[in-house]
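Notes follow once the structure below has been shown.
The values are calculated or read from the model by the stated rules, or taken from the named source; none is laboratory data. This one's a predicted model, so the numbers in the text were calculated from it and none came from an experiment. Every residue, glycine as well, gets a Cβ built from its backbone with ideal geometry; the counts of neighbours run over all protein chains shown. The area values use the complete protein model at the heavy-atom level, side chains included, leaving out ligands, DNA and RNA. Shrake-Rupley method; radii C 1.70, N 1.55, O 1.52, S 1.80 Å.
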Amino acid sequence: RGLHFQKKDCVYLNTWHGICLDYIGNDRPGRKDYNFKKLNYMCVSGDFDKKIYKTAFNCRDDQFLECGMPRNDYLVKGKFDVDKLKKELGLSLDKKIILYAPTWRENYADKTVDTFESPIHLKLWKEKLGKDYIFLFRAHSITKNIMNLETDDFCYDVSSYPDTNRLLSIVDILITDYSSIALDFAILGRPIFNFGYDYDEYKQKHGFYVDYEKEMPNGIIKEEDKLIALIKNINLKEEANKLNLIKNFYLNLTNGNSIAQCVNVLFKKR
């Protein structure tokens, strides 16, 4: 909940881990214990972040480092060796890649927090899309037990791959639900689909800062058949235009030089 102490001459920089779309910190019901007033710098990706951090963490304007998240410099600069990584993962070089990366969710039935039951029927996806696509699945880091996932030459489980952004560099289409990975991927200007099969339930239990139906590139897609149809009939030019709007709103302060700016403020006195 923030560092509540600092040694003399200690500089506290918080890079955070994603653009927040569902409620965090003090904005969650019953929480008023987050206080980041003692930190020196807080990285923000856009003006949207700044507004959230003021209420969720009690941050001030003078704490914000307007540069984006350091780990996203890699995506902004776009210097990827796609074929090399595909070979490393044992993937075909001549097929496009879909990544399904759902966020963490507790199992409401038995209250477990480490199990995810995939809503994707992979035999159907392979039948409809297997000629042109490979399907990658990446679980949230908290998730340990994945149900209904059968890997083969169409579906690969990449949950253990250590570098998410490097993985994103080879992905043509991202499917997520409510994860901030969508806004990391938006940097690349490639299609994003929010598959919110449990949207109403998740919204009630967690709460959102955004209206997914109106503000995400393709709204909320609740039916699997509709999602497959959208992918089969995708218009890349239209999707790129949608992503420009997203980047201009959520990522307007992300510049690709976050690492350098963080190093400069941390060591400027040295």
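Observations
- Probe 1.4 Å - accessible area at V263, Å² to nearest ten: 70
- Estimated FRET transfer efficiency (W16, E223; beta-carbon r; R0 35 Å; 0.05): 0.55
- Residue among G18, G196, G30 with the largest mean-square fluctuation in a Gaussian network model of the chain, springs linking Cα atoms under 10 Å: G30
- Sorted peptide list for 150-159, 247-256, criterion being average Cβ within 10 angstrom, highest first: 247-256, 150-159
- The chain - share of DSSP beta bridges that are antiparallel (%, nearest 5): 5
- Counted residue by residue at 0.36 nm each, then reduced by the alpha carbon distance between them, the extension gain from E201 to E238 reaches 10.3 nm.
- Shape call, the range 122-255: gyration tensor on alpha carbons, a/c limit 1.5: rounded
- Computed accessible area, Y197, all protein chains, 1.4 angstrom probe, square angstrom: 80
- Exceeding the 26 Å Cα-Cα cut-off - candidates K32/K268; K205/K237; K95/K226; K51/K214; K38/K203; K123/K242: K32/K268; K205/K237; K38/K203; K123/K242
- Here the chain has 48 percent of its accessible surface on carbon and sulfur atoms, given a 1.4 Å probe and all protein chains in place.
- Between the alpha-carbon centres of the range 34-90 and the range 197-270 there is a gap of 13 Å.
- In the chain, helices alone account for a calculated mean residue ellipticity at 222 nm of -8500 deg cm²/dmol, with every DSSP H run of four or more residues adding -39,500 (n - 2.57).
- Residue-normalised accessible area of the chain, given per residue in Å² at a 1.4 Å probe: 52
- In this structure, E150 and K7 have a Cβ-Cβ separation that, at R0 = 41 Å, corresponds to a calculated FRET efficiency of about 0.20.
- Cα gyration tensor shape of the range 204-263, rounded if a/c is under 1.5, else prolate or oblate by comparing a/b with b/c: oblate
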